[in-house]
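Here, each number is a calculation from the coordinates, and none is a lab measurement. Keep in mind that this is a model prediction, so the values were computed, not measured. As a convention, Cβ positions derive from the backbone with ideal geometry for all residues, glycine included, and neighbour counts pool all protein chains shown.
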Amino acid sequence: MADKREITVTINGQAQTAEVETRTNLADFLRHELELTGTHVGCEHGVCGACTVLVDGAAVRSCLMLAVQADGHEVTSVEGLAAADGTLHPVQEAFWKNHGLQCGFCTPGMVISVAAFLKDNPNPTEADVRSAISGNICRCTGYQGIVAAALEAAETMRQEG
Amino acid sequence: MNEMSNKWIGQSTIRPDGAEKVTGRAEFAADTNMPGMIWGSVLRSPHAHARIVSIDTSKAEAHPGVKAVVTAQDIVDFPVDTPVPLGIQDMRWMCRNIMAREKVLFHGHPLAAVAATSEAIAAEACKLIEMEYEVLPWVIEIEDAIKPDAPILHEYLEHDGKPSNITGTLEHKLGDVEEGFAQADVIIERSFTTRPVHQGYIEPHACLVSVAADGKTTIWSSSQGQFMVRAMTAMLTDMPQSDIRAIPAEIGGGFGGKTIVYLEPVATMLSKKSGRPVKMVMSREDVMRASGPTSGSMSTVKIGATKDGQIVAAEGTFYLQAGALPGSPIRGAAGCGFAPYNIPNVHSVGIDVVSNRSKVAAYRAPGAPIGAFAVESVLDEVAEALNIDPLELRLRHAAREGTKAAHGPTYPLIGFVETIEAAIEHPHYKAPLGKHQGRGVASGFWFNAGGESSAQVNITEDGNVVVTTGHPDIGGSRAAIANVAAELLGIDYRRVSVLIGDTATVGYSNLTGGSRVLFASAMAVTDSAGQVITTLCERAAKIWDIDPDAVTWEDGEARPAGDNAGQFEPLSLADIAAQATQTGGPIGHGAQLNTTGAQGGFATHICDVEVDMDLGIVKVLRYTSFQDVGRAVHPAYVEGQMQGGVAQGIGWALNEEYIFDKDGHVDNPGFLDYRMPVCSDLPMLDAVMIEVPNPAHPQGVRGVGEVPLVPALAAIANAVHNALGLRFSSLPMSPPKVLAALEMPEAAE
């Protein structure tokens, strides 16, 4: 039988304790155990970026991290990005308004990656943005709307301070 | 429709499904769960080609946690001697594709499936299935598959009177090519190859199926057509369609690859046997190995012209890999390649070749980019030989209203000439180029499709609007349909809610494919909304006690048609809805149409590249596409189609390819080794929309989704030729191949 451990992870601001198989990765833990299905799994080997979440504020591919490794850490998934009252994060708002998505499958990972990037780089150039999101694959858009959304979100976040 | 009066058509309105998608709430196929749900896993062939001697599932069935096992015995067998067409598919092949019968035909071919209480147990149990094979020689590449001594995949399929891997041909003829070439002063003939490439949707195939005790079945899945899922599942599991409710999940990309089923009939049988809801999700590796990449190809194109610059004859032969079972997109390659041009003598042949790789599925303008790559590369050489600007050569021969195409039609009003003229005038075409940089152009055509679509337009009790259509929304079609409905009803688009119905709640609608969704569904919505407006006017007439003919619908209100009709305050949608019960009941109408008048799409592309002479990397510096988009109902999503298609073309031309190892296995079945373009690989992709409204459509819509990919391969290859003086006739132009060609120019071929 698979080895199990008890872990406590703060997910989107709430501490959650669960018993997980040690082989369970963070993406499956979020999706299957916690039903946080906004974290999407596209490639299972850390290339497409659809499963990106924040772990202690840093963007991480949840398919490459075991759930047990998140024990004692803070995880933010796309469901936890908006404010408690439902107000969208400026990055979410900008993706929606700038048509930064077609099918929307890569979107949660893109949104998380951009949010993490802008926190550290509040005043990026277009080239900076293109480089920053090159760890996330979008097959639909050719990335134009995504780049526009990231630049607009940066502007909004600068104004909001 | 008078364009000037349009309020919503032509606006890039905010998409109705956006909030759910940026917050992660949208439900894709793998996101749905049910109480008691178990997991299905597929046992796949370890061989590229083998006869199945025996299959023993007893150990898997006895494994703790296993609830059901399914093999080909549980799937309906359509005998190979009688075609069973369903759309462009043949169920003879489909039943063998979803579960191997008699033989395994490619590495990854499904052999059996297990449902168990966890994904891990199901996968473990698959390994307990005992298989005995007679391993056979295999063949993957076209040139090997058509050799006389090649291993034969299907002994019962014959060509020229003997068993063959050539399983179909198609021919288009116009005029007499021999006479044409006799008049030519310049004749260029070249051969080309392209590799299989995958559609690359980020969402793997997934489904959840629940079969109730009475056989009533619910399927949640990601597909390009819930009605296709219903029909194929019904046929493959011998169930009436009325017992199946196929619910379209949000779809995480398809590009043609989700126009057939892989998992749904298997999950249905697992659910039927286990009595439990069954979920199945493909791994990325399964997607790459066993779903349909498009064809690899081998083509020869010959074009002849007089020295004063008239093209007098053109000939093409296009061999396309079908994969394990017949049915490659030869129609797209042989039909679209020469379609943009007015050439008096054309002979174009497509040849379907089966081989031991997974069966092809459609990929954005299936076959057309392959045809265009060859034709547009040769045209470039013809222009060079004649010393004519390549766009000027295309302009001189551009198809226009009245041109007879080799694949059949005489064109109605089309905007191809406009795309070339716009390209010639665009600053991009005149911009200076630096060292190791080059510019290429190419044009392309795609048929576009009409066909069956249904829509229902209902007025809510508070006077708002719900529109239900039957096509999965893959690129923003709900937003465009909201624009159309808002325009017709004269209300704000935010008062229109657009939903995709399931097979039980909306009338039959054909696939999301063929660039047909907005074309066809806008027609069904226009018909339905027209009936709704007639009813609204009747209700107003009743309230005012005047003749319905004396009422008109303007700006979202019923108004007396003129002074003779009487003096009444206008009645809004909300006013009429509030009195609906008293005036005749609920207000809503539907339409179920078989739409016609979808006219072809044309595009012209300009591409600039720079070649890194040390590393062999081709970098696209600037890209501008010009397309006749008919009427851009939602411009942002039309641009999105144009940019997305070009991005896929850049991947196909420069990096993407299936690599097979010495055992006939796909050697790069993941995104690490199958390299699709990321943002830093691409420049800003400029999209120039040219609107020549389709006169056969109420809003002027022409399909826009597929043609953006068609010219891209050739535009890039022509740019590389312009930069290096080397013509790559073999894709992809990946760094190792470019480096080899820089050292030894023959390597480009």
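For chain B, list the DSSP H helices whose alpha carbon atoms reach 27 Å or more along the long axis and whose average Kyte-Doolittle value is 0.0 or above?
Those that clear 27 Å and a mean of 0.0 are B:517-544, B:635-654.
Any idea what the dipole of the stretch A:4-80 comes to, in debye rounded to 20, about its Cα centre with Lys/Arg Cβ at +1 and Asp/Glu Cβ at -1?
180 debye
Run the paramagnetic zone check for A:Asp120: 7 angstrom along Cα to Cβ, then residues of the stretch A:47-89 with backbone nitrogen under 19 Å.
A:47-65, A:74-78
Tell me the trypsin sites (Lys or Arg not before Pro) within the stretch B:419-470 that lie in a loop according to DSSP and have at most 15 other beta-carbon atoms within 10 Å.
When the trypsin sites (Lys or Arg not before Pro) of the stretch B:419-470 are filtered for loop state and at most 15 Cβ neighbours within 10 Å, B:Lys435 remain.
Would you please name the trypsin sites (Lys or Arg not before Pro) within the stretch B:650-749 that are DSSP coil residues with at most 10 other C-beta atoms within 10 Å of their C-beta?
For trypsin sites (Lys or Arg not before Pro) across the stretch B:650-749 that sit outside H, G, I, E and B with at most 10 neighbouring Cβ atoms in 10 Å, the list reads B:Lys662.
At each listed q (0.14, 0.25 Å⁻¹), what is the log10 of I(q)/I(0) that the Debye formula gives for the stretch A:90-160 modelled as equal alpha-carbon point scatterers?
Taken in order of the listed q values, log10 I(q)/I(0) reads -0.33, -1.12.
What is the log10 of I(q)/I(0) for the stretch B:344-472, computed with the Debye formula using one identical point scatterer on each Cα and no solvent, at q = 0.13, 0.19 Å⁻¹?
Ignoring solvent entirely, the Cα scatterers give -0.82, -1.25.
What net charge is computed for the residues neighbouring A:Glu152, neighbours being all others with C-beta under 9 Å from the C-beta of A:Glu152, Lys and Arg scored +1, Asp and Glu -1?
Summing Lys/Arg as +1 and Asp/Glu as -1 gives -1.
What's the local net charge at B:Asp686, with K and R +1, D and E -1, over the other residues with C-beta under 15 Å away?
So the surrounding residues net to -1.
Tell me, how many Å apart are the Cα centres for the stretch B:688-731 and for the stretch A:111-139?
First find each Cα centre; the distance between them is then 29 Å.
Sorting B:Leu105, B:Leu682 on the 10 Å Cβ count, fewest up front, what's the list?
B:Leu682, B:Leu105
Residue by residue, what Karplus-based ³J(HN,Hα) values in Hz, rounded to whole numbers, does the stretch B:302-317 have, using 6.51, -1.76 and 1.60 with θ = phi - 60° and x for Gly and Pro?
Each residue of the stretch B:302-317 in turn: 10, 10, x, 9, 7, 6, 8, x, 9, 7, 10, 7, 8, 9, x, 10 Hz.
Would you please report the Å³ per residue occupied by the convex hull of the alpha carbon atoms in chain A?
107 Å³
Sorted from largest to smallest, which semi-axis lengths in Å does the alpha carbon gyration tensor of chain B give for its equivalent ellipsoid, taking the root of 5 times each eigenvalue?
42, 38, 22
Amide H to amide H, which residues 5 or more places from B:Ala405 or on other chains are under 5 Å from it, using H placed in the peptide plane?
B:Thr410, B:Tyr411
In debye, nearest 20: dipole of the stretch B:2-69 around its Cα centre with unit charges on the Cβ of K, R (+) and D, E (-)?
On the way: 8 positive and 7 negative charges, 33 e Å.
About 160 debye.
Say a paramagnetic label sat at a point 7 Å from the Cα of B:Asp81, along Cα to Cβ; which residues of the stretch B:138-169 have their backbone N under 15 Å from it?
B:155-158
Considering all alpha-carbon pairs of the stretch B:449-507, what whole percent are spaced by more than 16 angstrom?
43 percent
Between the stretch B:426-449 and the stretch B:588-603, what is the C-alpha centre distance in whole Å?
31 Å
On a straight-distance basis, which lysines could pair with B:Lys302 in a cross-link, Cα separation under 24 angstrom, same-chain partners fewer than 8 positions away excluded?
Excluding near neighbours in sequence, the set is B:Lys147, B:Lys173, B:Lys404.
Quick one: what are the phi-derived ³J(HN,Hα) couplings along the stretch A:141-154, Karplus 6.51/-1.76/1.60 with θ = phi - 60°, whole Hz, x for glycine and proline?
Along the stretch A:141-154, the couplings run 9, x, 6, 4, x, 5, 4, 4, 5, 5, 5, 5, 4, 4 Hz.
With labels modelled as points extended 7 Å from the Cα through the Cβ direction, what inter-label distance (nm, one decimal) is found for B:Glu130 paired with B:Ala578?
Calculated label separation equals 7.8 nm.
Give me the aspartates and glutamates in straight-line cross-link reach of B:Lys103: C-alpha distance below 13 Å, same-chain residues under 8 apart excluded.
B:Glu132, B:Glu134, B:Glu155
Give me the Kirkwood hydrodynamic radius of the stretch A:4-80 in Å, from all C-alpha pairs, to one decimal place?
Details: mean 1/r = 0.0838 Å⁻¹.
It works out to 11.9 Å.
So how do B:Ile55, B:Ile606 line up by other beta-carbon neighbours within 10 Å, fewest first?
B:Ile55, B:Ile606
What's the whole-number percent of alpha carbon pairs in the protein assembly as shown lying beyond 54 angstrom?
Working: 54229 of 413595 pairs.
In whole percent, the share of Cα-Cα pairs in the protein assembly as shown beyond 54 Å is 13.
State the extension gain, in nm to one decimal, for the chain segment bounded by B:Lys542 and B:Asp185, taking 0.36 nm per residue of separation less the distance between their alpha-carbons.
So the extension gain works out to 120.9 nm.
Near B:Lys7, which lysines are there with a Cα under 25 Å away, not counting those fewer than 8 places off in the same chain?
Hits, sequence-local ones excluded: A:Lys97.
For a quick check of your reading of the filter: which GluC sites (Glu not before Pro) in the stretch A:1-110 sit in a DSSP loop and have no more than 14 other Cβ atoms within 10 Å?
Counting only loop positions with at most 14 other Cβ atoms within 10 Å, the GluC sites (Glu not before Pro) in the stretch A:1-110 are A:Glu35.
Which is farthest toward the positive dipole end of chain B among B:Gln241, B:Ile330, B:Ala116, measuring Cα position about the Cα centre, with Cβ charges +1 (Lys, Arg) and -1 (Asp, Glu)?
Most positive-ward Cα: B:Ala116.
Measure off 7 Å from each Cα along the Cα-to-Cβ vector at A:Asp71 and A:Glu155, then give the distance between these two points in nanometres to one decimal.
The answer from the label model is 4.8 nm.
Efficiency by 1/(1 + (r/R0)^6): what FRET value for B:Asn6 and B:Thr596, r their Cβ-Cβ distance, R0 = 30 Å, to the nearest 0.05?
0.80
Please report the net charge: other residues with Cβ closer than 12 Å to the Cβ of B:Tyr363, K and R +1, D and E -1.
+1
Suppose each label sits 7 Å from its Cα in the direction of the beta carbon; what would the B:Lys307-B:Ala385 distance come out to in nanometres?
Result: 1.4 nm between the two label points.
Give the order of B:Met228, B:Met689 when sorted by the count of other beta carbons within 10 angstrom, beginning with the fewest.
On the way: B:Met228 26, B:Met689 18.
Ascending Cβ contact count within 10 Å gives the list B:Met689, B:Met228.
Would you mind calculating the gained length between B:Thr410 and B:Glu141 on full extension (0.36 nm times residue separation, minus the Cα-Cα distance), in nm to one decimal?
Numbers: separation 269, 0.36 × 269 = 96.84 nm, distance 3.65 nm.
Length gained, B:Thr410 through B:Glu141: 93.2 nm.
Tabulate in residue order the Karplus-calculated ³J(HN,Hα) for the stretch B:689-694, using 6.51 cos²θ - 1.76 cosθ + 1.60 with θ = phi - 60°, rounded to whole Hz; enter x for Gly and Pro.
8, 10, 9, 10, x, 6
In whole Å, how far is the Cα centre of the stretch B:157-194 from that of the stretch B:293-317?
10 Å
Amide H neighbours of B:Asn342 under 5 Å, counting only residues 5+ apart in sequence or on other chains, H built in-plane at 1.01 Å?
The list, which skips near neighbours in sequence, is B:Ala398, B:Ala399.
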